[in-house]
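The values are calculated or read from the model by the stated rules, or taken from the named source; none is laboratory data. Keep in mind that this is a model prediction, so the values were computed, not measured. Here the Cβ is made from the backbone with ideal geometry for all residues, glycine too, and neighbour counts use every protein chain on show.
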Amino acid sequence: MSKILILGAGISGHVAASHLRRKLSKEHEVVVVSPNSNYQWIPSNIWVGIGRMKSKEILFPLAPLYKKKGIGYKQAKAISFFPEGDKNESKPYVLSEYVTGDKKGQQEKITYDYLINATGPKLNFEATEGLIPGENKTYSVCTYGHADHAWQGLKALISEMKTGKKVKILIGTGHSSSTCQGAAFEYILNVEQELRRHKVREMAEIIWISNEHKLGDFGMDGMLLSYGSMTLKSYEMVEMIFEDRGIKWILGAGVNKIEDGIAHYENLEGAYKTETYDFAMLIPAFSGHDFKAFDKNEDDITEKLFKGFMIVDADYSPKPYEEWSVKDWPETYQNPTYQNIFAPGIAFAPPHAISKPRKSKNGTVISPAPPRTGMPSGITAKLVADNIIDTIKSGKESLSHKGSLGNMGAACIASAGYGFTQGSGVSITTYPIVPDYEKYPNTQGRKLGKTFGEIGLAGHWLKLALHYAFIYKAKMRPFWWLIPE
Amino acid sequence: MTQRISKYQRFKMMNPIIQFFKFIYLSLKIMIVVASGHGGTRVEKK
Ligand SMILES: Cc1cc2nc3c(=O)[nH]c(=O)nc-3n(C[C@H](O)[C@H](O)[C@H](O)COP(=O)(O)OP(=O)(O)OC[C@H]3O[C@@H](n4cnc5c(N)ncnc54)[C@H](O)[C@@H]3O)c2cc1C
């Protein structure tokens, strides 16, 4: 009998828990520890942030589902890791603290045979002074709560615009090393379309601010895309969309301080500048959760488990950009020291960025961190679950399921506006996610044809279809497992 | 605003009939990218 402990119930934690439960007999225990009582389909937060979806449409409570399916659930947060146990506990465990109910504040040693750390990122707003969702006229759409709040702010602004007020809207990244440009890209296009729907578009100046050195970098070093019968660079496609929508842009900007309606930033030229705004949605830096780890003598061994995020089977030796290789990227998401610990999704420490690193003339790193979107998060979680299942069933370690981001495709359907007949979406697929310059030297490390872009109403329908399909899958409704990650 | 997308392109992008077929085409194309699988990148040590 084995006990698998999963930390986090986001895309990767929930995918792992559901596959483990489906494929393992009931004698094996699957336990999820997560502080949020709800599962949320994060990609639809964009629509919550423009008031076109209610947050209750993108979430559901985890406890009843887990009870029905025989998955243990503790509404708690992991604090520290004891992969060898301690002087009193022989089994490995994670020290966790309950966050609600009678047990609130109580700590528990939750033991395991296998551990899946799927805690995603910490939304590190503190890394940028004054960047606080809902304060200083800045908002976020990273959680459904934040997105609800953003819509309240935007709604109030639209009312003011209707009375004749001219405004400035700033959307993009709120830190020099933020990632998730794709989410901000979706939000800026959706906001622009909503302003047109409310007939106030001409009252707003809309500005994209980003740490990317070029539009369409998306933390992926940009892409060469098949676009209809043409081959376009991703910056050309994004530039075309922004110009068409009347969106201005500021690039190579590391936002370092927010005051009420003023964003301070440094650019790659080394100049310190400011941009005023009436409404801003800025993606914060993502960081690890500052977990600590201890051995059985309770000596600190954090550096064996964490490098910000969790250490896995990647090649972390520092190298210049020219020497980066797809082979540096992990394949099994297994911690090299403790082979019963895995970290899929955003929780693993990437070996390095994907975009070429850039510094300002003052030496400040202004460059996007590597994004890890929903699809690879789901795929890596499933392969981790499959390796654990094989290991349990065969009685010996099995790591036959592999999935490097350098040998995996991803689809990203970016909403460009909501509405069944007026909506739009930018559908982009990339293969592989991390460019393989050895295999595809002439096409920027990616396979043309499998790396393509499309703009139009079909993209909106696709994004909506994915919303319903993935919530159906997450609710583990009949035949849910037939829907791929 | 600079009109970077021509009226004809916009018509094609927003026409529900054309886009219905595009929806089917994109769904299949995305399935192919997803279903073509994933794997490692390193040569197995023997
Ligand atoms: C606004 C927005 C839009 C996006 N749109 C898209 C999109 O269109 N397509 C796409 O592919 N991707 C999109 N993404 C990215 C996608 O949401 C992420 O890739 C995905 O959520 C990562 O999954 P994860 O499980 O690794 O992390 P998360 O989904 O962040 O899950 C982490 C989980 O860990 C829990 N947790 C946190 N701390 C602890 C702790 N101490 N102990 C235990 N549990 C803890 C959290 O409560 C959560 O349940 C978007 C992201 C954002 C922010």
Practice prompt. Kindly indicate which of A:213, A:175 is touching a residue at least 60 places away in the same chain (Cβ under 8 Å), within 16 Å of the ligand (Cβ to nearest atom), within 26 Å of residue A:131 (Cβ to Cβ) and part of a loop (DSSP other than H, G, I, E, B).
Written response: A:175
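Residues are listed down the side, and each one gets a yes or a no for (1) under 19 Å from residue B:30 (Cβ atoms); (2) of a type in the set (Ser, Thr, Tyr); (3) modelled with pLDDT of 95 or more:
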{"position": "A:411", "(1), (2), (3)": "yes, no, no"}
{"position": "A:442", "(1), (2), (3)": "no, no, no"}
{"position": "A:468", "(1), (2), (3)": "yes, yes, yes"}
{"position": "A:479", "(1), (2), (3)": "no, no, yes"}
Worksheet item: Within region A:4-16, is even one residue surrounded by fewer than 21 Cβ atoms within 10 Å (Cβ to Cβ) and at negative phi?
Response: no
Worksheet item: Taking region A:133-145, which residues are surrounded by fewer than 22 Cβ atoms within 10 Å (Cβ to Cβ) and in a helix (DSSP H, G or I)?
Response: A:145
Practice prompt. Tell me which residues, restricted to region A:289-309, are surrounded by fewer than 19 Cβ atoms within 10 Å (Cβ to Cβ) and within 25 Å of residue A:178 (Cβ to Cβ).
Written response: A:290, A:302, A:307, A:308
Worksheet item: Could you say whether any residue in region A:267-276 is in contact with a strand residue (DSSP E or B) (Cβ under 7 Å, 6 or more places away or on another chain), within 14 Å of another protein chain (Cβ to nearest Cβ) and either over 18 Å from residue A:205 (Cβ atoms) or in contact (Cβ under 8 Å) with a residue 12 or more places away in the chain (or both)?
Response: no
Practice prompt. State whether one or more residues within region B:20-37 are surrounded by 14 or more Cβ atoms within 10 Å (Cβ to Cβ) and assigned to a loop (DSSP other than H, G, I, E, B).
Written response: no
Worksheet item: Looking at region A:358-368, which of its residues are surrounded by fewer than 23 Cβ atoms within 10 Å (Cβ to Cβ) and within 16 Å of the ligand (Cβ to nearest atom)?
Response: none
Worksheet item: If you go through region A:313-329 one residue at a time, do you hit one that is crowded, with 24+ Cβ neighbours inside 10 Å and either touching a residue at least 60 places away in the same chain (Cβ under 8 Å) or in contact with a Lys or Arg (Cβ under 9 Å, 6 or more places away or on another chain) (or both)?
Response: yes
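Right, residue A:97: closer than 27 Å to residue A:256 by Cα, among the acidic types (Asp, Glu) and under 27 Å from the mean Cα position of the chain (by Cα) or not? First the steps, then the outcome.
On the way: closer than 27 Å to residue A:256 by Cα: no; among the acidic types (Asp, Glu): yes; under 27 Å from the mean Cα position of the chain (by Cα): yes.
In short, no.
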Worksheet item: within 16 Å of the ligand (Cβ to nearest atom) and within 25 Å of residue A:11 (Cα to Cα), is that true of residue A:154?
Response: no
Practice prompt. Select from region A:266-299 the residues that are among the acidic types (Asp, Glu) and closer than 29 Å to residue A:157 by Cα and write down the one among them that is farthest from the ligand (Cβ to nearest atom).
Written response: A:266
Worksheet item: Which numbered condition trips up residue A:217, out of (1) charged (D, E, K, R); (2) more than 14 Å from chain B (Cβ to nearest Cβ); (3) surrounded by fewer than 20 Cβ atoms within 10 Å (Cβ to Cβ)?
Response: (3)
